[in-house]
Each structure stands twice: as structure tokens, then as C-alpha cells.
Amino acid sequence: MNTIGIEQKQAEKLTKELNSLLANYQLFYQNLRAFHWNVTGERFFELHVKFEEMYTRANESIDEIAERILTLEGKPISFFSGYLKHSIIKEHVGMRQARDMVAATLEGLKTLIQSERSILANAAEVEDEGTVALMSDYIKIQEKDTWML
């Protein structure tokens, strides 16, 4: 058992999943920053603000996920080479069209939600309420963002 009462092998499994999520969030965050800086066209004002809102929230989530990994007595990935290696979400270099940015953002949200649902189920199985609550909060917000976009 670790210090919060979760069996070590179970905590290690959750840590591995959370590190993958952390890597995906880092790429999602950076894509949103690029979209915020580079969006053009008739939806500029609306999307410029929305992308900033989303990357600000993603940045907070990144910190929370890393801290949760540490709480589970794991080690968070902390270098971009690691994020690139473990992320399903890829960089969207040179994207200029708002429609493409929205589509890429929706695809990123889908990836995050799928990962969070899996982590939530595995955390619930081992009674890791801290991780369950975190994932539940993220899913709720991201499902709304998906609907709105």
C-alpha cells in the first residue's frame, strides 16, 4: 500500500495512464496556444477568446494531473521528448484555417475524454476517489466544450 491506501501495483497502473493523459494534455495545450495566436477570418474574435479559455484551463489540468501522479507516489513526465513519445495527440504545425483548428480541437477533446473515461473506470475499481473526481470534472467540462464547438 502507498501512503494514501492504494495498492502499489494499482497505483503504478494509474500513474502510467495519468502520464499518458499528461502527455496528451501538453500537446493539446500547445496546439490551443498556436490556434489562439494564428486563428484568422470571420470567427477570429469568438475563437481567439475560446482557445485562450481552453488553453488556460488545460494548463491548470496539466498541473493537477502531475500533482495527482505525485500523490500516487509516481513520477510525472516532465520533458517534451517524453510528452511527444507518450501522446496520441500530435502537433498541428502551420494550421491557419479556423475550421481546421476547430476540427483538430474536437479530435483532441475526443482523445482526452476517452482517456479520462478509462482512467475514471480504473480508478473507481481501486476506490481512488481523488482520481475519479478529477477525471469526472474534466469530462464534464470537455463534453460541454465539444457540444459548444
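Computed over region 1-56, the range of Cα coordinates on each principal axis works out to 55, 16, 11 Å, biggest value leading. Within the shell of other residues whose beta carbon sits under 15 angstrom from the beta carbon of Thr111, the net charge comes to -3, with Lys and Arg scored +1 and Asp and Glu -1. Just to be sure I understand, if you calculate volume of the Cα convex hull per residue in Å³ for this structure, which of (1) 107; (2) 154; (3) 90 do you get? From the options (1) 107; (2) 154; (3) 90, the structure gives (3). Sorting the segments 23-29, 56-62 by their mean number of nearby beta carbons within 10 angstrom, highest to lowest, gives 23-29, 56-62. Taking a ≥ b ≥ c as the square roots of the eigenvalues of the alpha-carbon gyration tensor, region 60-115 is classed prolate because a/c is 1.5 or more and a/b outweighs b/c.
For Lys144 and Arg43, the FRET efficiency from 1/(1 + (r/R0)^6), where r spans their Cβ atoms and R0 equals 22 Å, is about 0.70. For the residue pairs Lys16/Lys144; Lys110/Lys140; Lys75/Lys140; Lys85/Lys110; Lys50/Lys85; Lys16/Lys85, alpha carbon separations beyond 24 Å are given by Lys16/Lys144; Lys75/Lys140; Lys50/Lys85. Of Thr111, Thr3, the residue with the largest accessible area leads and the full order is Thr3, Thr111 (1.4 Å probe).
How much net charge surrounds Met148 when only other residues with a Cβ under 12 Å from its Cβ are counted (Lys, Arg +1; Asp, Glu -1)? Walk me through the numbers before you get to the answer.
Numbers: positive: Lys50, Lys144; negative: Glu46, Glu53, Glu143, Asp145.
Counting the neighbours of Met148, the net charge comes to -2.
If you take all other residues with their beta carbon under 12 Å from the beta carbon of Glu7, and give Lys and Arg +1 and Asp and Glu -1, the sum is -3. Here each label is just a point 7 Å from Cα along the line to Cβ, and for Asp137 and Ala103 those points are 3.4 nm apart.
The values are calculated or read from the model by the stated rules, or taken from the named source; none is laboratory data. As the structure is a prediction and not an experimental result, all values here were calculated from the model. Glycine also receives a Cβ, built like all others from the backbone with ideal geometry; neighbour counts cover every protein chain displayed. With ligands, DNA and RNA removed, areas are computed over all heavy atoms of the protein, side chains included. Shrake-Rupley method; radii C 1.70, N 1.55, O 1.52, S 1.80 Å.
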